[in-house]
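Novice: Please read through the structure below; I'll follow up with questions.
The values are calculated or read from the model by the stated rules, or taken from the named source; none is laboratory data. Predicted model only: the values in this text are computed from it and were never measured. Every residue, glycine as well, gets a Cβ built from its backbone with ideal geometry; the counts of neighbours run over all protein chains shown.
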Amino acid sequence: MDKVQLQTDITQALKAGDKNKAQSLRFLMAQIQDAEIANQRQDLSEDQLNKLLNNQIKKLKESLTMFQQAKRDDLVKKNQAELEILQAYLPQQLSTEDLSKKVEEIINQNPNLKANPGALIGLAVKQLAGQADNAQIAQLVKQKLG
């Protein structure tokens, strides 16, 4: 994700009259600026930006689940639209097959952690950060360990 591109996309959304996209991207930009202020006004790295984006997407998914349970269709539609907008800024995700191979490599490189699935999941999540959903990584690790 690139801040300059994000700002350009906000401007384009405003010019096109796409209020939902502009609002979603402005909120994301505000979060980035807050994080930079907390980081002593230093620009965030690519990994930090992706982590912030992933956290926002995770919150939206959790909200979406709650809105679906409460049968709030208006908020479900709004959250789904916002999710689609933000997911476009995620880095390219690994295919299921490639992710499976990477998880297998991590397991084979750390045979001493096979007895501790939690530690292995943590290691895999850290090494594959931004390349796949953490829940999917955890599921694959558990599946491969039996």
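Novice: Being surrounded by 11 or more Cβ atoms within 10 Å (Cβ to Cβ), assigned to a loop (DSSP other than H, G, I, E, B) and either among the hydrophobic types (A, V, I, L, M, F, W, C) or touching a strand residue (DSSP E or B) at 6+ places or on another chain (Cβ under 6 Å) (or both) is the filter here, so list the residues in the range 67-90 that pass it.
Specialist: 90
Novice: Would you say residue 56 is in a helix (DSSP H, G or I), of a type in the set (S, T, N, Q) and in contact with a helix residue (DSSP H, G or I) (Cβ under 7 Å, 6 or more places away or on another chain)? Steps first, answer last, please.
Specialist: Values: in a helix (DSSP H, G or I): yes; of a type in the set (S, T, N, Q): yes; in contact with a helix residue (DSSP H, G or I) (Cβ under 7 Å, 6 or more places away or on another chain): yes.
Answer is yes for this residue.
Novice: Sticking with this structure for a sec: Check 6, 64, 25, 49 and return the single one that is closer than 24 Å to residue 138 by Cβ, touching a residue at least 24 places away in the same chain (Cβ under 8 Å), assigned to a helix (DSSP H, G or I) and touching a helix residue (DSSP H, G or I) at 6+ places or on another chain (Cβ under 7 Å).
Specialist: On inspection, the qualifying residue turns out to be 49.
Novice: Here's something else I'd like to know. Does the range 5-24 include one or more residues that are surrounded by 12 or more Cβ atoms within 10 Å (Cβ to Cβ), within 23 Å of residue 135 (Cα to Cα) and among the aliphatic types (A, V, I, L, M)?
Specialist: No, the conditions are met nowhere in the range 5-24.
Novice: Looking at the range 99-116, which of its residues are free of Cβ contacts under 8 Å to residues at least 40 places away in the same chain and surrounded by 16 or more Cβ atoms within 10 Å (Cβ to Cβ)?
Specialist: Answer for the range 99-116, where residues must be free of Cβ contacts under 8 Å to residues at least 40 places away in the same chain and surrounded by 16 or more Cβ atoms within 10 Å (Cβ to Cβ): 102, 106, 107, 113.
Novice: So, one more: Within the range 9-22, can you find the residues that are more than 18 Å from residue 90 (Cα to Cα) and in a helix (DSSP H, G or I)?
Specialist: Scanning the range 9-22 gives 11, 12, 13, 14, 15, 16, 19, 20.
Novice: While we're on this one: Filter the range 117-146 down to residues that are part of a loop (DSSP other than H, G, I, E, B), surrounded by 13 or more Cβ atoms within 10 Å (Cβ to Cβ) and not acidic (Asp, Glu) and give me whichever is farthest from the chain's Cα centre (by Cα).
Specialist: The first filter runs over the range 117-146 and keeps only residues part of a loop (DSSP other than H, G, I, E, B), leaving 128-133, 146.
Then drop every residue that is not surrounded by 13 or more Cβ atoms within 10 Å (Cβ to Cβ), which leaves 128-133.
Okay, now just the ones that are also not acidic (Asp, Glu), so 128-132.
On the way: 128: 12, 129: 9, 130: 7, 131: 9, 132: 8 Å.
Top of the filtered list is 128.
Novice: Does the range 56-66 contain any residue that is under 27 Å from residue 31 (Cβ atoms), surrounded by 12 or more Cβ atoms within 10 Å (Cβ to Cβ), among the aliphatic types (A, V, I, L, M) and not assigned by TED's automatic domain parsing to the domain that holds residue 31?
Specialist: Within the range 56-66, none of the residues are under 27 Å from residue 31 (Cβ atoms), surrounded by 12 or more Cβ atoms within 10 Å (Cβ to Cβ), among the aliphatic types (A, V, I, L, M) and not assigned by TED's automatic domain parsing to the domain that holds residue 31.
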